[in-house]
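Colleague: Dumping the structure here so I can ask a few things about it.
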Amino acid sequence: MDPASVQLITESTRRVVEGTDPAGLPAALADLGWFELWSKEPAVAGRALFGLQGALGRASGMICQLLGQELSPSTGVGRIALLPEITRTDLSAARSHDKVVEIRGLAPRPALIGATEVVFYSSSDRSIGTVDPTRLSWSPADGWDPDLQLAWVHGAVEESEIAFLSHDEEASAAADAALSLGRRLCAEEIIGAVGTQLAITIEHAKSRNQFGRPIGSFQAVQHRLADVHVAATAAIVALDESWVAEGGHASTMAKIASGTAARTAARHCQQVLGGMGFTWEFPFHRLARRTMLLDALLGSTLALRRLIGFDLLQSGVLPPAPSLEEM
């Protein structure tokens, strides 16, 4: 897609995101034609929406909507997937025992409003099922980032009340595909937030004077901001590759790269901003909290480094490197 078309899509998506309540975002995006674009150009649509959410620090339930579609295709907008607990590196949000399915996961509260089905993956018996959301309870999980509006979703449901959609290899393959998608979307949102962090820090470096000149003229400051830019650019390259590469390693590497960029931005931008970066009124801390939480979701940078290293040692095969000539 040509750059002018991408810019038009991004601007149209921005108007919808800025002018719509998070709970009504899926319907507004459907009216815009975003879901049709998603089916044809997921990389463009994903970056336009999730990159923008990160840049603006907005919250929505769209990740649960899209993961629900990936786990089990549906024509409606009321099916949402549960995200796993922060400590997990897979997509499992349930486990079965004694004809009872114990469901425990996360979802942004806007996703729960108007949801007609909750779809989940259970790693204990490798199954995907759906349950009526009225059979589940939820409570706020504000914690590190209240603006994200996360909720704990939990319940113990009889197997007879669950519609199981797939089992074994079919369910595992769908869960792996949804997990890869979730990591790409989290990475897009992280990089959007890092871009805003870098932008506000550059503006501060231009206006903050010390020793009679802007601090942005000091080489030490320039080096810190250059490190953030390089880390973000590397993550974007990894993200671009993850949208076209086969297998889950590319999306895992993209999330690792985005988490690395997030931590680089948190360290260097905060150092340049100084005391102002700690103040409640300044937006930096909100973006930093968002990136740290998204980094932890679906596998933190540290956990995924260990995971991909273990997988490579087990397989004894390195994935093919992307062609630098195509970048």
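Colleague: For segment 180-188, does any single residue satisfy the condition of being on the phi < 0 side of the Ramachandran plot and among the basic types (Lys, Arg)?
Modeller: Yes, because at least one residue in segment 180-188 is on the phi < 0 side of the Ramachandran plot and among the basic types (Lys, Arg).
Colleague: Counting just the residues of segment 239-278 that are within 28 Å of Arg208 (Cα to Cα) and among the polar types (S, T, N, Q), which one comes out surrounded by the fewest Cβ atoms within 10 Å (Cβ to Cβ)?
Modeller: To start, the set of residues in segment 239-278 that are within 28 Å of Arg208 (Cα to Cα) comprises 260-278.
Pick out the ones that are also among the polar types (S, T, N, Q) and you get 260, 264, 270-271.
On the way: Thr260: 19, Thr264: 21, Gln270: 19, Gln271: 13.
Per the stated criteria, the residue is Gln271.
Colleague: Whether any residue in segment 176-199 is of a type in the set (Asp, Glu), surrounded by fewer than 19 Cβ atoms within 10 Å (Cβ to Cβ), under 30 Å from Leu112 (Cβ atoms) and touching a residue at least 60 places away in the same chain (Cβ under 8 Å) is what I want to check.
Modeller: yes
Colleague: Consider segment 263-294. How many of its residues are farther than 11 Å from Ala193 by Cα and of a type in the set (Lys, Arg)?
Modeller: 2
Colleague: Same structure, new question: I need the strands (runs of 3 or more DSSP E) fully contained in segment 127-193, keeping only those with at least 2 residues that are among the aliphatic types (A, V, I, L, M) and more than 14 Å from Leu83 (Cβ to Cβ). Don't jump to the end; show me each part of the working.
Modeller: Values: elements: 127-131, 137-140, 150-158, 163-167.
The strands (runs of 3 or more DSSP E) meeting that bar are 127-131, 150-158, 163-167.
Colleague: Another question, then. For segment 211-233, which positions are small (Gly, Ala, Ser), surrounded by 15 or more Cβ atoms within 10 Å (Cβ to Cβ) and modelled with pLDDT of 95 or more? Please lay out each step first, then the result.
Modeller: Kept after step one, since they are small (Gly, Ala, Ser), are these residues of segment 211-233: 212, 216-217, 220, 226, 231-232.
Subset that is surrounded by 15 or more Cβ atoms within 10 Å (Cβ to Cβ): 216, 231-232.
The answer is Ala231, Ala232.
Colleague: Pick from segment 72-102 the residues that are of a type in the set (A, V, I, L, M, F, W, C) and over 16 Å from Ala141 (Cα atoms): which of them is surrounded by the most Cβ atoms within 10 Å (Cβ to Cβ)?
Modeller: It comes out as Ile80.
Colleague: Restricting attention to segment 6-20, which residues are loosely packed, with under 15 Cβ neighbours inside 10 Å and without any contact (Cβ under 8 Å) to a residue 24 or more places away in the chain?
Modeller: The answer is Gln7, Leu8, Glu11, Arg15, Gly19.
Colleague: I've got another one for you. In segment 142-152, is there at least one residue being over 17 Å from the mean Cα position of the chain (by Cα), modelled with pLDDT of 90 or more and under 27 Å from Ala296 (Cβ atoms)?
Modeller: Yes, segment 142-152 contains a residue that is over 17 Å from the mean Cα position of the chain (by Cα), modelled with pLDDT of 90 or more and under 27 Å from Ala296 (Cβ atoms).
Colleague: Within segment 243-325, which helices (runs of 4 or more DSSP H) (wholly inside it) include 1 or more residues that are in contact with a His (Cβ under 7 Å, 6 or more places away or on another chain) and within 18 Å of Asp227 (Cα to Cα)?
Modeller: Result: 249-273.
Colleague: Still on this structure, please answer the following. Among the residues of segment 167-206, which ones are touching a strand residue (DSSP E or B) at 6+ places or on another chain (Cβ under 7 Å) and closer than 23 Å to His285 by Cβ?
Modeller: Ala205, Lys206
Colleague: Of the residues that make up segment 279-290, is at least one among the polar types (S, T, N, Q) and within 14 Å of the chain's Cα centre (by Cα)?
Modeller: Start the filter on segment 279-290 by keeping residues that are among the polar types (S, T, N, Q), which leaves 279.
Imposing the further condition that a residue be within 14 Å of the chain's Cα centre (by Cα) reduces the set to none.
No, segment 279-290 has no match at all.
Colleague: Only one of Leu52, Leu67 is farther than 23 Å from Ser300 by Cβ, touching a residue at least 60 places away in the same chain (Cβ under 8 Å) and within 19 Å of the chain's Cα centre (by Cα); which?
Modeller: Selected residue: Leu52, the only one of Leu52, Leu67 that is farther than 23 Å from Ser300 by Cβ, touching a residue at least 60 places away in the same chain (Cβ under 8 Å) and within 19 Å of the chain's Cα centre (by Cα).
Colleague: Tell me whether segment 261-270 contains one or more residues that are touching an Asp or Glu at 6+ places or on another chain (Cβ under 9 Å) and under 19 Å from Leu298 (Cβ atoms).
Modeller: yes
Colleague: Go through (1) in contact with a strand residue (DSSP E or B) (Cβ under 9 Å, 6 or more places away or on another chain); (2) at positive phi and name the single condition Gly57 misses.
Modeller: All conditions pass for Gly57, except number (1).
The values are calculated or read from the model by the stated rules, or taken from the named source; none is laboratory data. Treat the numbers as computed from the prediction; the structure is a model and nothing was measured. Please note: Cβ atoms are built from the backbone with ideal geometry, for glycine as well, and neighbour counts cover all protein chains shown.
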